[in-house]
Amino acid sequence: MKWDEFFVTGEPMIYGAMASIVLVSVAIVVGLTYFKKWGYLWREWLTTVDHKRIGIMYIIAALLMLFRGGMDGLLMRGQLARPENGLLDAQHYNEIFTTHGVIMILFMAMPFIIGLMNVVVPLQIGARDVAFPRLNAVSFWLFFFGAMLFNISFVIGGSPDAGWTAYFPLASNEFSPTVGINYYAIALQIAGIGTLMTGINFIVTIIKMRAPGMSLMKMPMFTWSVLITCVIITFAFPVLTIALALMTVDRLFGGQFFTMANGGMDMLWANLFWVWGHPEVYIVILPAFGIYSEIISTFSKKNLYGYTSMVVSMVAISALSFLVWAHHFYTMGHGAMVNGIFSITTMAIAVPTGVKIFNWLFTLRKGKIQFTTPMMYSLAFIPIFTVGGVTGVMLAMASADYQYHNTMFLVAHFHYVLIPGTVFAVIAGMYYWFPKLFGFRLNERQGKLTFWVIAISFNVTFLPLFFLGLKGMTRRMYTYSAETGFGPLNLIASIGAVGLAIGFGLLVYNIYWSFRYAPRDTTGDPWDARTLEWATHSPIPDYNFAITPKVQSLDCFWNMKKGKEKLFEDELEEIHMPSNSGQPFILGVIFFFLGFALVFSWWVPAIIGGLGVLVMLGIRTFERDHGYHIPVSEIKKTEQRLRGETV
Amino acid sequence: MKRKGLLLALMSTLLLLLTGCEPLLVLNPKGPQAQTQANTIIFSIIVMAFVLLVVYVLFVVFLSKYRASKLPDDYEPPYEKGNKWLEIIWIAIPVLIVAVLSVVTVKTTNAVEKVPVGYENQKPLVIYAASSNWKWHFSYPEENIETVNYVNIPTNRPVEFRMYSYGPITSFWIPQLGGQKYAMSDMVTKLHFVAEHEASMMGRNSNFSGEGYAHMEFEVLSMSPKKFDEWVNDVKANESEITEAEFDKLLATPHVGRKSYTGTHLTFSPAPEGEHAGHNHGSDSTSDDMDHSNMDHGDMDHEDMDQSEHSESEHSNHE
Amino acid sequence: MKVNHTLPLEYRTEENSNKILGFWIFLGAEIALFATLFAVYLTLWQRAGNGPTAAEIFEMKPVLAETFLLLTSSFTIGLAVHSMRLGLKKPTLVFYLITLLLGAGFLGIEIFEFYTYVHEGATLQTSAFLSSLFILLGTHGAHVTLGLLWGIAIMIQIKREGFNEYTANKSFIFSLYWHFLDVVWIFIFSFVYLKGLM
C-alpha cells in the first residue's frame, strides 16, 4: 500500500485536522513531561479501578466525542444552509453523516450514560465499588480504544461512508471498497465488548451489593433504570457482536452473508442491525428517564409519584423494545399484515412512556419547585420530548410511514427524542452530580444562560426539519437545488445549529470558570437531595462510605435529615479495597493494535495482536490480587479531614 | 418556561407562513393512495395535538402554581405514593388512543398496498422501475418502450410499478402519488398508484445508496390517456432500439440525463421475479447480475424463496 | 471481606458468589449470541447458491463421534467438580484431564470435518449457507478451543495451590462454561445436522 493511499489526502479540511491532531498530541506530551505528570497520570488514572475515576474518564471521553460529532453535525448544517452549496463534496458529506451518527450514539450518548452510571450507582446503593472493579476498567479501555480506532479513520484510510446503519449491499466491498467500513465493523466490535461487560458488571453490582435493608423496591429510580438498561445491554449487544462479525467475515474473508450473489441476503443485515439497534435506543433513553426522576423529585422537594408504575413501565418498555425492530423498514415490502403487527407493538410503547410523563407531572404537583440548572433541563425535557414521542407514534403508523420514511421528518423525530431525552439528561446529570464528584457546583447563572441558548437553538434547528420532510426532502442528501424550495427552512435550521454550537461552547466555559472560581461546598449535600449518594462527603473518599449504611426506605437520606431514620449506626471497620492495575490499559492498547491490523488486513500483526490478548488473559488467570485494607485509623483521619476538622 | 412556550408558538406560525407559500408535497396528493396517506397523517396530527395539549396544560399549570417563589417558606410538600384512579386513567386513555390508531393504521396500510378502490377492474399499466448507480430505468413491457430518469403515466388508470435494483437498496418514492417502497437486487416489490390529475411530480430515491444519491431524482408526468398514447407512439417512431451493449453502457455510466428507447431491457436482462427471483444469481459484477446461465435453476430458486424467508421478513410479492 | 463458611468453597467469599452470578449472566449473553447465529443459519441454510447443499456434504458418523465425545466430557467435568467438593485433588485433576482430552478429540474431528468440506470445494466463500455453517460451527469450536486453554491454566493452578477460594471458584465456573458448550452442541446437532440430513 502506498502512503498516499494510507493517509487521506487532497482535502484541506483533513490536512487541518491532521495538523491539529499532531499539535495537540505534541502539546500533551510536552505538557506532561514539563509538569512531571506522567507518573500521576499512570498511577491515578490509567491504572485506576475506582468507579468514580472511571466514570470521570468516561464523561471526559464522551464530551470530547460530543465535540467531534457536533463538528460533523455543524459541517452538515453548513453544507445544507444554501442550495447547491460547495462547502463539502458528496464523499465528504457521506463520511461525516456516517461518523456523526456512529459517534453520537455509540461514543457519546452511551459512554456519557455509562459514566454517570459508574459515578452514581455504587453510591446510590451504598456499595464500596462495582462488583468487578478490574473488569470495569477493562470495559472503559475497550470503549476508549474502540472510539480512538474509529476516530483515526478520517485521517488514515478514510472514514466509513455508508451511513451509521451501513446497509448491505452498499457496505459490501463492491460498493464500499475503502477500509472505511472495516473501521466501522472492528471499532464498534471492540467498544461493544466493553459495553457488554459493563452490562454484566452492573447487573451483579445492583443485585448483590445493595446496602442492607435496600430491597429492590426501595432502590432509587436511577439505579432501577440502570438495572433494566443493563439487562437490555446483555441481550441486545450479542446481536450486534454477531452482526458486526458477519460483516467482518463478508468484507475481510469473502463471506457470502449479505452479498447479492451465492445466496446472500442483504435485508438480513438490516434485520440484525435493528434487532440490536432499537433496544439500543432504549439503552440510552431509560437511564435518562432515571436521571430525570431523581432530579425532578429532588427539586420538587417531593417523593417520586407512582414509583411502582415507573418501574413497571420501564420493564414494559424494555420488553417491547425487542419486538419493534421491523418498523425501521416497513417499506421493504413485507405485507400489510407484518407491518400492522409491528405498528401496534411500536405504538404500544407510547403507553408506558405516557405513564412516566404523567408521573413526572404529578411529582411536580403540590411540590415546591426550584428552578436550578439541572431542573431546567429536566423540565424542558417534558414538553420537547413529548413532541418527539407523538411524532414517534405518527411514524409508527405504517401507511403514513411510507411517506415519512428516510425523510427529514424522521431526522427531526429522532433528534427530538434523543436530544431532550438523552443529551439534556446527561447535561442535567452532570450539573446535578458535579458537586458530588468535585466538591463544588457549576455556576448557576451561566448554567441557566447556557440552558436557554441550547433549548431554544435546539428547536430552531430541528423543528423546520419536520416540514422539510413533508416537503419531500430526504435525509443524507448532500445538496439540493433551489427549485425544490428547501432553502429557507434549511437556512433557519443551520442558524439554529450555530446556536447549539455556541451553547455547548458556553457549557465548556462554565466548567472551566467553575473550576477556577466557584465556591467550594463542604456539606456534601448542596441540593438538599434525597438519596444515598448525598450521604457521604464531596468529593467522595476512595472507600465511598466509612460505615456501610442501613436503609429503611426509598428516600432514606431525606428521612435521615428529617430525623426519621438512622443510616450509619455501625462502628468503623477496616475496609477492603481492590488494587490498581495497568493490565486493562495494556489490554486496550493491544486491542487497538489488533483492530488496526485487521482494518488493513495485515495478518501477521493481527495474529500477534490476537496472541497478545491471549497472553493478557493468561496473566490474569494466574494472578493473585488480594487487594489491600484501609485501617480504621486512616479512615478516621480521612473523615475528619473531609468534615473540615483539623487533625 | 412561559417565554419559551410563546417562542415556540411564534416559531410555528412563522414556519407555517414560510411553508404556506410552497405546499407540503406529502399533503398535496394527486392520487387516491397519497390522499389516504395524507388523511391518515392529518388525523394522527389532530389526535397527537390533543395529547400534546393535555401534557402542556398540566405542565404550565403545575409549573406556575407550585414554583417555590410563589409558595410560603414553611410549605412542606406532602408525601404522595400515587393514585390508583389517576393511573388507571392515564393508562386507559392512551390504550384507547393507540387502539383507535391501530385500527386506522391496519385499514389504511391494507388500502395503500392494494389497487386503489374503484380502479380494481381496469387493466393496470405495468411499469418496471429499476435503479442503478445513480439513475432510474423505466420499462413499459406492453408498450415496448423504455425511459431513463423520467416516467410518463396516463391519468385515471391504475399503474403498477415493479421495482428492483442493480446494486444497493434504493427506495422508490413519488410523494404526491403515494408512499415509498424499497427496490432490491434479489426480488421485485410493487406499488399500485393512480394519478387523478395531470401534473408534473417529483420522484426520487429516498434510501441512501452512495455518492450520486442526492441526484437520483426523476420526473413523473401524468397526462391524459390520449396524450400518453401519442407519446408512446412518438417514442416508438423516433427513438432507437435498446440493445444489451447499450444497456450495459448505461449501467456503467454514473449519471445520465433523460433517455428514451424502443424496446425494453427486460428481454435480455429480466427482472428478479418469478423464475428469476432469489439470490442465486452467481455473478460478480452489477452489469450482468441477471445472468442467463442460472435460468435453469429456476425451480430450485423458487422453492428456496418460499422456505427460507423467515416470518418477519415475509415479502408481499411471493408468487 | 465477608466470608460465609456454610457455603461450598467456590461460593464462600462475596467476591466469589458475585463472580458466579456474573458468569451466569454472561452465559445469558452467550445464549443471545448463539441464538442470533442459529437465526442466521436457519435463514440462510437453504441458500446454497451454486455450491453444495447441506444434504450433500453432511456425514453422520463423525458428527455422532463428536457428540459422544462432548457429552461424555460434560459428564466428566461434573465428576471433577464433585471430587473438588469432596476435597479430592488427584481425582479432580484426573477428571479435568479426561474432560480436556475429550474436548481435544472433539476439536480434532471438527477440524478434520472442516478440512474435508474445503477439500470438496465447500468453503466459507462458496455460498451463504456455507458461510453461516462455518461461522456457527467455528464460533462453537473457538469456544471449545478457548475452553481447552482455560482448562489447562486451571489444572496448573489446582496442582500448584490445591483448593482455595480462587481455584475452587475458577474450576466451578469453568464447569458451567463447559456444560453450556455441550448444550449449544446439542442444538447444533439437532438444528444443523439432523435437519440438514432429513
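For the reader, a short list of remarks on this structure follows.
- Checked against (1) open to solvent by 10 Å² or more (accessible area, probe 1.4 Å); (2) at pLDDT below 95, B:Ser185 passes all but a single condition, namely (1).
- Tally, over region A:176-207, of residues that are open to solvent by 40 Å² or more (accessible area, probe 1.4 Å) and modelled with pLDDT under 95: 2
- Candidates are the residues of region A:6-22 that are of a type in the set (A, V, I, L, M, F, W, C) and within 28 Å of the chain's Cα centre (by Cα); the one that is surrounded by the fewest Cβ atoms within 10 Å (Cβ to Cβ) is A:Val22.
- Filtering region A:72-105 to residues that are of a type outside the set (A, V, I, L, M, F, W, C) and under 16 Å from A:Ile492 (Cα atoms) leaves A:Gly73, A:Arg77, A:Gly78, A:Gln79, A:Arg82, A:Pro83, A:Asn85.
- When A:Val204, A:Val226, A:Val155 are screened for being of a type in the set (Val, Ile, Thr), more than 12 Å from chain B (Cβ to nearest Cβ) and within 19 Å of A:Val8 (Cβ to Cβ), only A:Val155 passes.
- A single member of A:Leu87, A:Leu64 is outside any helix (DSSP H, G or I) and modelled with pLDDT under 95, and it is A:Leu87.
- Selection from region B:245-255 of residues that are in contact with a helix residue (DSSP H, G or I) (Cβ under 8 Å, 6 or more places away or on another chain) and surrounded by 13 or more Cβ atoms within 10 Å (Cβ to Cβ): B:Phe247
- Test: A:Arg53 is open to solvent by 20 Å² or more (accessible area, probe 1.4 Å), more than 26 Å from A:Phe273 (Cβ to Cβ) and modelled with pLDDT of 95 or more: yes
- Test: residue in region B:94-107 that is charged (D, E, K, R), within 9 Å of chain A (Cβ to nearest Cβ) and crowded, with 19+ Cβ neighbours inside 10 Å: no
- Positions within region A:372-410 being touching a residue at least 40 places away in the same chain (Cβ under 8 Å) and among the aromatic types (Phe, Trp, Tyr), in sequence order: A:Tyr377, A:Phe381, A:Tyr402, A:Tyr404, A:Phe409
- Hits in region A:501-518 (condition: hydrophobic (A, V, I, L, M, F, W, C) and in a helix (DSSP H, G or I)): A:Ala501, A:Ile502, A:Phe504, A:Leu506, A:Leu507, A:Val508, A:Ile511, A:Trp513, A:Phe515
- Residue list for region B:197-231, filter: open to solvent by less than 10 Å² (accessible area, probe 1.4 Å) and among the hydroxyl-bearing types (Ser, Thr, Tyr): B:Ser206, B:Ser209, B:Tyr213, B:Ser222
- In region C:13-68, the residues that are under 13 Å from C:Leu130 (Cβ atoms) and more than 8 Å from every other protein chain (Cβ to nearest Cβ): C:Tyr41, C:Pro52, C:Thr53, C:Ala54, C:Glu56, C:Ile57, C:Phe58
- Unmet requirement for C:Ser190, which otherwise passes all of (1) among the hydroxyl-bearing types (Ser, Thr, Tyr); (2) closer than 15 Å to C:Leu70 by Cβ; (3) more than 17 Å from the chain's Cα centre (by Cα): (3)
- The listed residue being modelled with pLDDT under 50, open to solvent by less than 80 Å² (accessible area, probe 1.4 Å) and in a helix (DSSP H, G or I), out of B:Met305, B:Met290: B:Met305
- Breaking point among (1) open to solvent by 50 Å² or more (accessible area, probe 1.4 Å); (2) of a type in the set (A, V, I, L, M); (3) closer than 29 Å to A:Tyr478 by Cβ, for A:Ile60: (3)
- All conditions but one from (1) at pLDDT 95 or above; (2) surrounded by fewer than 17 Cβ atoms within 10 Å (Cβ to Cβ); (3) more than 10 Å from chain A (Cβ to nearest Cβ) apply to B:Ala130; the one that does not is (2).
- Of all residues in region A:431-450 being assigned to a loop (DSSP other than H, G, I, E, B) and either at negative phi or outside the structural domain of A:Gly503 (by TED's automatic domain parsing) (or both), the one that is least open to solvent (accessible area, probe 1.4 Å): A:Leu442
- Among the residues making up region C:1-37, those that are part of a loop (DSSP other than H, G, I, E, B) and either touching a Lys or Arg at 6+ places or on another chain (Cβ under 7 Å) or not aliphatic (A, V, I, L, M) (or both) are C:Lys2, C:Asn4, C:His5, C:Thr6, C:Pro8, C:Arg12.
- Residue match in region A:103-123 (condition: under 20 Å from the mean Cα position of the chain (by Cα), assigned to a loop (DSSP other than H, G, I, E, B) and either more than 14 Å from chain C (Cβ to nearest Cβ) or under 22 Å from A:Phe545 (Cβ atoms) (or both)): no
- Any pair with Cβ under 6 angstrom, 6 or more apart, that starts in region A:623-647 at a residue that is without any contact (Cβ under 8 Å) to a residue 60 or more places away in the chain and ends at one that is assigned to a helix (DSSP H, G or I) and open to solvent by 50 Å² or more (accessible area, probe 1.4 Å): A:Val647/A:Lys637; A:Val647/A:Gln640
- Which numbered condition A:Thr523 fails, given (1) more than 14 Å from chain B (Cβ to nearest Cβ); (2) in contact (Cβ under 8 Å) with a residue 40 or more places away in the chain; (3) surrounded by fewer than 20 Cβ atoms within 10 Å (Cβ to Cβ): (2)
- In region A:305-337, residue nearest to the other protein chains (Cβ to nearest Cβ) [restricted to those that are assigned to a loop (DSSP other than H, G, I, E, B) and under 30 Å from A:Asp555 (Cα atoms)]: A:Gly306
- Tally of residues being facing chain B (nearest Cβ under 9 Å) and open to solvent by 10 Å² or more (accessible area, probe 1.4 Å) across region A:358-375: 7
- Any hit, region A:499-511, residues being without any contact (Cβ under 8 Å) to a residue 24 or more places away in the chain, under 26 Å from A:Phe434 (Cβ atoms) and not hydrophobic (A, V, I, L, M, F, W, C): yes
- The set of residues in region A:247-266 being assigned to a helix (DSSP H, G or I) and open to solvent by 10 Å² or more (accessible area, probe 1.4 Å) consists of A:Thr248, A:Val249, A:Asp250, A:Arg251, A:Leu252, A:Phe253.
- Note on region A:451-500: residues that are among the polar types (S, T, N, Q), assigned to a helix (DSSP H, G or I) and within 18 Å of B:Met202 (Cα to Cα) total 1.
- Filtering region C:140-185 to residues that are hydroxyl-bearing (Ser, Thr, Tyr) and over 21 Å from A:His626 (Cα atoms) leaves C:Thr145, C:Ser175, C:Tyr177.
- Meets criteria (open to solvent by less than 10 Å² (accessible area, probe 1.4 Å), touching a Gly at 6+ places or on another chain (Cβ under 7 Å) and assigned by TED's automatic domain parsing to the domain that holds A:Trp360) for A:Ala428: no
The values are calculated or read from the model by the stated rules, or taken from the named source; none is laboratory data. If you're wondering where the values come from, they're calculated on a predicted model, not measured in any experiment. Glycine also receives a Cβ, built like all others from the backbone with ideal geometry; neighbour counts cover every protein chain displayed. Heads up: the accessible areas ignore ligands, DNA and RNA and are worked out on the full protein's heavy atoms, side chains in. Shrake-Rupley method; radii C 1.70, N 1.55, O 1.52, S 1.80 Å.
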